[in-house]
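Some notes on the structure that comes next.
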Amino acid sequence: MLRKLLAILSAFLCFGLANQGHAEDGYDLWLRYRPLESSTVERYASRITNVVGPTDRPTIGAAVEELQRGVKGLFGHDLVRRETVMHDGAVLVTRADSPLLKNLDLPFARLGDEGYLIRTAMVQGKRTTIIAGNGDIGALYGVFRFLRLLQAGQPIDRLDIVDAPKLQVRVLNHWDNLDRHVERGYAGQSLWDWQKLPRFKDPRYTDYARANASIGINGTVLTNVNANADILRPDYLQKVKALAELFRPYGIKVYLTARFSAPIELGGLGTADPLDPAVRAWWKAKIDEIYAVIPDFGGLLVKANSEGQPGPADYHRTHAEGANMLADALAPHHGILMWRAFVYAAENAEDRHKQAYTEFQPLDGKFRDNVLVQVKNGAIDFQPREPFHPLFGAMPRTPLMMEFQITKEYLGFATHLAYLGTMWEEVLEADTFRPARGSTVAKVIETPVDAGAVTGMAGVANIGSDRNWSGSQFDQANWYAFGRFAWDPDAKAEAIARDWARMTWGKDPAVTDTIVRMMMGSREAVVDYMTPLGLTHQMATGHHYGPGPWVSDLKRPEWNPVYYAQARPDGIGFDRTSRGSDALAQYAPQVARNWGSLATVPDELLLWFHHLPWDHRMKSGRTLWDALVIRYDAGVDHVRRMQADWVGLRGKVDETRWAEVRDFLEIQLDEAIWWRDASIAWFQSISKRPLPEGHKPPAHDLDYYKAITTPYAPGQGK
Ligand code: BDP
C-alpha cells in the first residue's frame, strides 16, 4: 500500500517538475523558452531538423548555441549541428559571404553592418531557413528574431524577413559605482563585481550579453556618469578587458565614463583645462592605453559641469572645447564620445527648462564628427511626463542621441508597474516642426547629420544583481522596450509590449491581452497619481521616493518641488509663455503656438506651460481644481483595475512570479494613495477649495504627510 502511494506520489512529483521545469523567478527574462504545446512542436518539426553554421566564428557560435538552447526548451529535444546542408529543415546561420548562399540573390545590400534576413529557400536542393547578415552579428540578431517567432508559435513556413537597426549606437548607461552601489538602482547591487574581476567571470555576464543582444543593444557604459577616475587605472582596465572579452561575441562594446578632472586625480597635473597641451597629451596617452588593452573599446561618456561634476567651464572653455579634446584622442581608434547635455548651472536663475538649450544650441556644428551630444528626452529631468527636449531639431549640424531613463527613479522605483514604452513612443513621435532633419524626434535622431555621421540612443539601465535583474518582473519590459526602440525609434509601444508579454508570460492570448492592457495604461496612471496635468518634480528630496510637493527649503530654487508647481492662492502651474520664462520660444513656432495657447495645449502639458487660476475652466467644463483632483483619483483607480486584472490571471501564469506581482501591486496601490492624498492635502491648503463631489478627502491631515521620512530609500546618489 505504502509502496503504491509512494509510486503515485513520485509520479505526481515527476509530472509536476517536468511540467514546470525549475521554478520561475524571472532570471530567464524574455528568453524563457518554455515547452510549446505538442501540436505546435509538430507543426515546426519538419522545418527545424538541424542547424548549420561555420564553426570558427564566436558570434555565429553564440547564435547556434542560442538556437539550440531555444529549441531544446521549446521542443524538448536537442538540435543537431551539422557542417553543411544535407537535410530538409536545416536552419542555416551564416554570413553574406557564405558559398552556400551563392546565386540566391538575397537582399544583403539593405542590411548594413548589423541587419539580418530570415528567408525560407532551397539550399543545395534542401528546404532551408536562412538566417544571415553581412556580419556575424546580423546572424545572431536574426536567430533571436527567429526564436521570437517560435516563442509566439507563429508560422515559419515561408519566411521573408529583412530588418536592420536605424540607429548605430544602442547603449545602456549603467550608473554603477566601483563599490557596486548603483545610483538610482532598485535591483540590488551592480552586476560588475570589480573586486573579483578579472579572474572570476560570473556566468551572469554572459546571460547579460545574451539578453542585450536579443534586443539589439550593442554597447554598455559600465560606470556612473557621476564618474570616478579610478576606472581608468591600469588595474581596472584589466577588469574592463575581461568584460569586453565576454561581451564581444554578442556584438557588445564596452564604454566608460571619463571624469573630466582625471588628469589631475590620476595624472598629477595641476589642471584639466582642455586646451592645455599637457592635459591633451595625458588624455591621448590614456586613451591609447585603453585601446592597447581593449582594441574594440567603444568610447567615453562624459557628464560635465552639471550637478557638481568637473568640466571645461571650470576653465572658461565651452562644452565643444571639452568634448573635442577627448574626441580627437578617440578618433584614431574609431572611438566615439558621448557628451551629455543634461546641464543646469549653479546659481543660474534662468528657468531650468531653458538652460541646456541656452548652453548647447549656439554650439551647433562645433563638435567633432565622432561626438554624440546626449540629450534627455525632456528638458528638466526624467519625469513621468515632459514635453520633448527643445534641442531636438534645433542642432541640425550636430549628432544628437536620445537618453531615456529605464530605471524608474521618478516613476515608483521597482515596485510600481509602469511600462515606459508608451512614454518613449510619445516623445519619439512628437513633431518638432523643424524639417531640416525630418520632423519627428525619431527622425531627428535617426537621420545622420552628414554622410557617415553617427546616430544613437542611450538608456539608463535598470539592471542589478537581483535574480530578476530589474527589481521586478514588469521592469524587465522596460529594458526590453528600450532595446526595441533603440533598434527602431519608429516602433510601436503596444506591439513591443505584446512581444514581451508573450515571451515572458506565455503566448495564451487571454494572458497577453490582459497584460498588454495593464501595461498600456500604466504610465499614464503614474502620471495621474504623481504629477497630473503637466505638474512635475513633486518627489521627496534626494531619494525621490514618495511625495514632497511642499518642499521649499533646498539651497537651489530648482531643487524644490514648489519651484515647479508654482502653487499660490491665485493658481497653479509654471508660466513658460512669453509672459513668463518664455521657454516656449526654444521650440519651433508651430510648437510654441500650439502649447502656448490655452485653446490648443493638451491637458497633459497644461501646467507645464501655464500658470492658471484654480477656477480656470478646462475643456471639459470643470474647474482646474476639480480636474486635478479627478486625475489623482483616476491614477489610483487604474492601479485598482490592474490588481483586478492580475487576480484574473492566477493559475494562468506560474505562481511564484504571479505572487510577486500581486504583492508589488499592493505596494503600488498604497503608494498611489499616499501620493494622491499627500498632494491633494498640500494643494488644498493653498487652493482652499472643496473636493469635487464623490471624491474622498485625504485619510490624514497635511502634517501627517509632511512628517513621513524614508531616509534609507534605495538608489540614492552618494
Ligand atoms: C538625476 C538623478 C541623478 C543623476 C542625474 C543625471 O537624480 O542621480 O546623476 O539625473 O542624469 O535625475 O546626471
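Observations
- Restricting Gly335, Gly378 to those that are farther than 30 Å from Tyr186 by Cα and without any contact (Cβ under 8 Å) to a residue 60 or more places away in the chain reduces the list to Gly335.
- Ala331 vs. criteria closer than 23 Å to Val254 by Cα and away from the ligand (no atom under 16 Å from the Cβ): yes
- Qualifying residue in the range 242-261 (condition: open to solvent by less than 60 Å² (accessible area, probe 1.4 Å), among the polar types (S, T, N, Q), under 22 Å from Ala486 (Cβ atoms) and at pLDDT 95 or above): yes
- Every test in (1) open to solvent by 40 Å² or more (accessible area, probe 1.4 Å); (2) outside any helix (DSSP H, G or I) is passed by Arg593 save one, and that test is (2).
- Among the residues listed as Phe392, Phe404, the single one being under 13 Å from the mean Cα position of the chain (by Cα) and aromatic (Phe, Trp, Tyr): Phe404
- Considering the range 217-236, the residues that are in a loop (DSSP other than H, G, I, E, B) and of a type outside the set (A, V, I, L, M, F, W, C) include one that is surrounded by the most Cβ atoms within 10 Å (Cβ to Cβ), namely Thr223.
- Selected residue (criterion: farthest from the ligand (Cβ to nearest atom)) from residues of the range 304-318 that are under 26 Å from the mean Cα position of the chain (by Cα), open to solvent by 10 Å² or more (accessible area, probe 1.4 Å) and closer than 24 Å to Pro390 by Cβ: Asn305
- Considering residues of the range 198-239 that are hydrophobic (A, V, I, L, M, F, W, C) and closer than 27 Å to Asp28 by Cβ only, the residue farthest from the ligand (Cβ to nearest atom): Phe200
- Any hit, the range 237-259, residues being in a helix (DSSP H, G or I) and closer than 21 Å to Thr318 by Cα: no
- In summary, helices (runs of 4 or more DSSP H) completely within the range 620-718 and bearing 2 or more residues that are in contact with a Ser or Thr (Cβ under 7 Å, 6 or more places away or on another chain), assigned by TED's automatic domain parsing to the domain that holds Met518 and more than 16 Å from the ligand (Cβ to nearest atom) occur at 624-647, 655-687.
- Of everything listed in (1) assigned to a loop (DSSP other than H, G, I, E, B); (2) not assigned by TED's automatic domain parsing to the domain that holds Gly89, the single unmet condition for Asp207 is (1).
- Hits in the range 296-333 (condition: more than 16 Å from Asn224 (Cβ to Cβ) and part of a loop (DSSP other than H, G, I, E, B)): Asp296, Phe297, Gly298, Asn305, His316, Arg317, Thr318
- Any hit, the range 259-279, residues being under 22 Å from the mean Cα position of the chain (by Cα), within 23 Å of Ala292 (Cβ to Cβ), away from the ligand (no atom under 16 Å from the Cβ) and not small (Gly, Ala, Ser): no
- Among the conditions (1) closer than 18 Å to Ile60 by Cα; (2) open to solvent by less than 10 Å² (accessible area, probe 1.4 Å); (3) not acidic (Asp, Glu), Arg170 misses just one, which is (1).
- Residue check for Tyr529: in a helix (DSSP H, G or I) and within 16 Å of the ligand (Cβ to nearest atom): no
- Checked across the range 696-703, the condition of being of a type in the set (Lys, Arg) and touching a residue at least 12 places away in the same chain (Cβ under 8 Å) holds for no residue.
- Subset tally (residues that are among the charged types (D, E, K, R) and more than 19 Å from Tyr186 (Cα to Cα)) for the range 442-475: 3
- Within the range 132-158, the residues that satisfy the criterion of being within 20 Å of Arg57 (Cα to Cα), in contact with a Leu (Cβ under 7 Å, 6 or more places away or on another chain) and not in a helix (DSSP H, G or I) are Ala132, Gly133, Asn134.
- 1 or more residues modelled with pLDDT of 95 or more and surrounded by fewer than 20 Cβ atoms within 10 Å (Cβ to Cβ): qualifying helices (runs of 4 or more DSSP H) within the range 1-98: 38-45, 58-75
- Checking Glu446, Glu403 one by one, the residue that is touching a residue at least 40 places away in the same chain (Cβ under 8 Å) and open to solvent by 10 Å² or more (accessible area, probe 1.4 Å) is Glu446 and no other.
- Scan of the range 101-129 for residues that are open to solvent by 30 Å² or more (accessible area, probe 1.4 Å) and either more than 27 Å from Trp487 (Cβ to Cβ) or in the same structural domain as Lys253 (by TED's automatic domain parsing) (or both), ordered by number: Lys102, Asn103, Met122, Gln124, Gly125, Lys126, Arg127
The values are calculated or read from the model by the stated rules, or taken from the named source; none is laboratory data. Given the structure is predicted, the values throughout are model-derived calculations rather than measurements. Here Cβ is always computed from backbone atoms with ideal geometry, including for glycine, and neighbour counts include all displayed protein chains. Ligands, DNA and RNA are excluded from the accessible area calculation, which covers all protein heavy atoms including side chains. Shrake-Rupley method; radii C 1.70, N 1.55, O 1.52, S 1.80 Å.
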